Structure formats: structure tokens, C-alpha cells
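Taking it in order: structure first as C-alpha cells, then the write-up.
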């Protein structure tokens, strides 16, 4: 899905060690100059550069854009010669020979959701093996934020897949799916483990109803709506099943109407 940059800012500001403030913001002409060296940069990473310029995410130092004329010489610059390796562009490195994170340049997202975003892979600092991390730079930040909070990749596969693209979604109709910076607090506030054990509050409709999914079992894909003041063990019976596919439902704009058996 297309990264929600408003929620991305909230995630960064709620995550210690993410970003270093506006003092390092990179002007647009320098971002375009960097793109002349390495090709188009993904929109959510361009946004990071324009807002924060440089910083860290978890243990990883995120590449910046150097002053004019320093493209190949500045180690921290995304244009440094060592960062581009075939169709891999290294944009973040953990210190002391740790893991590195790379954009897969040949797989930009198509028009619409995720347009221009590149998938992110991690290259193991020990053996050089690669594995997928996220579908966008924003998703990379969401994944690292989730792991730093002990959430692993997410409470279930559907939410984990969403976070790999964006740290949550807020639709115009009020449907709000939480990112890793909100989900723990919301579940604690409404005492979901106490009143609805086996379920997780993944979002709300901004009108008093929660959106819940199962943590375990065969059905971890359906989303159910139930009043936040009426949480119970049998959410599937007392609530309203609104979709069997979280991401497709969000792409379609969420609501209206329940899923019919």
C-alpha cells in the first residue's frame, strides 16, 4: 500500500533513535542531484531526506545526501561509490560490520499504491545472505520499530504484511489501522487481553467501534467490528465481520457493510 506519511512522522517521533530533527533536512535541489547519480529515489525515502536528512533507525545509520560536489567522497552519502552494487542501493548500515539494508532498484512499485517505492532487503553482515524486509522505506522503518518494541513482525500475518508497506492507515471515512507505535497502547487501554483473549485490536472506526482480528488459529484474516465498550471473548459472534482480507478492504476504502456468509 502507499505509505501514509502522516503516520510515518508519528512513528518516527514516537520511536527513540529514529531521526535527528529538522536541522539536517536536505534541500530538494540536492536530492535531485543525488538522483542524477543513482536514479530515482523512493518517495518515502525522499520524504525522510527532506524532513530529517540523516539519522538512525534502530541500530542502522541511514544514508543522507551530501553537499554539492561531494557525491562520491562522503561515506554517509547515498551516492558514495560503494553503496551501488548492481541493482542494490545500500541506504542503511549497522556499525561494526553489522547488517546492511538495500533498495532493490529493478522492482519499483507500479502506479497507485506503493508507486515508486522499492522493496527493501537486508544483507547479513556475517555471511552476506539476503532476505526480504519490507516493500518500502516507510515499511522498513515500521518493521524496525515493531521489532524494537518486541512485536516481532506484527500480531498476525495480515498486519505484518501491511506494516511492510506503511506504519498504519487512516482513511477519510475514519477507519484507522494502527502502526507499531500505537497498537500496544490501544490494546492496553481497552484491556483487550482481559476482555477478548485471543484477539488483537488492530484499529478502530473513529466512532467508538474497534476492529479486531484473531491472534491464533486458522482464521487470522477476517476483521470484526465491535464496540470498544462491549469487548467480550466471543468477538466473532457478538461483533460484525467486515472483511476477510484486510489489505484489499483498505485499498477499496473500508466499509460499507458487513461480509455476508
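The values are calculated or read from the model by the stated rules, or taken from the named source; none is laboratory data. Keep in mind it's a predicted model, so treat the numbers as computed, not measured. Reconstructed Cβ throughout: ideal geometry from the backbone, glycine too, with neighbour counts over all protein chains shown.
Restricting attention to region 191-222 and to residues that are in contact with a helix residue (DSSP H, G or I) (Cβ under 9 Å, 6 or more places away or on another chain) and in contact (Cβ under 8 Å) with a residue 60 or more places away in the chain, the residue that is nearest to residue 173 (Cα to Cα) turns out to be 221.
For region 155-169, the set of residues classified as surrounded by 22 or more Cβ atoms within 10 Å (Cβ to Cβ) and part of a loop (DSSP other than H, G, I, E, B) consists of 155, 164, 165, 166, 167, 168, listed by residue number.
When we screen 208, 203 for residues that are surrounded by 13 or more Cβ atoms within 10 Å (Cβ to Cβ) and either touching a strand residue (DSSP E or B) at 6+ places or on another chain (Cβ under 9 Å) or modelled with pLDDT of 95 or more (or both), the only hit is 203. Screening residue 9 on (1) crowded, with 18+ Cβ neighbours inside 10 Å; (2) touching a residue at least 24 places away in the same chain (Cβ under 8 Å) shows it passes everything except condition (1).
Under the condition of being modelled with pLDDT under 95 and farther than 18 Å from residue 194 by Cα, which residue from region 213-239 is surrounded by the fewest Cβ atoms within 10 Å (Cβ to Cβ)? Checked region 213-239; the qualifying residue surrounded by the fewest Cβ atoms within 10 Å (Cβ to Cβ) is 218. Identify the residue in region 131-154 that is over 12 Å from the mean Cα position of the chain (by Cα) and part of a strand (DSSP E or B) and, among all such residues, is nearest to residue 198 (Cα to Cα). Applying the filter and picking the extreme gives 132. What about residue 128, is it closer than 17 Å to residue 48 by Cβ, modelled with pLDDT under 95 and either in contact with a strand residue (DSSP E or B) (Cβ under 8 Å, 6 or more places away or on another chain) or assigned by TED's automatic domain parsing to the domain that holds residue 16 (or both)? Spelling it out, it is not the case that residue 128 is closer than 17 Å to residue 48 by Cβ, modelled with pLDDT under 95 and either in contact with a strand residue (DSSP E or B) (Cβ under 8 Å, 6 or more places away or on another chain) or assigned by TED's automatic domain parsing to the domain that holds residue 16 (or both). Flag not set for residue 107, criterion: closer than 18 Å to residue 39 by Cα and modelled with pLDDT of 95 or more. When residue 39 is tested against (1) at positive phi; (2) crowded, with 18+ Cβ neighbours inside 10 Å, exactly one condition is not met: (2).
Within region 232-242, the set of residues being touching a residue at least 24 places away in the same chain (Cβ under 8 Å) and touching a strand residue (DSSP E or B) at 6+ places or on another chain (Cβ under 7 Å) comprises 235, 239, 242. I'd like to know if region 246-256 contains one or more residues that are on the phi > 0 side of the Ramachandran plot, free of Cβ contacts under 8 Å to residues at least 40 places away in the same chain, outside the structural domain of residue 191 (by TED's automatic domain parsing) and assigned to a loop (DSSP other than H, G, I, E, B). Checked against the condition, which is being on the phi > 0 side of the Ramachandran plot, free of Cβ contacts under 8 Å to residues at least 40 places away in the same chain, outside the structural domain of residue 191 (by TED's automatic domain parsing) and assigned to a loop (DSSP other than H, G, I, E, B), region 246-256 yields no hits at all.
Criterion applied to 23, 34 was being modelled with pLDDT under 95, crowded, with 21+ Cβ neighbours inside 10 Å and either more than 22 Å from the chain's Cα centre (by Cα) or not in a helix (DSSP H, G or I) (or both), and the one residue passing it is 34.
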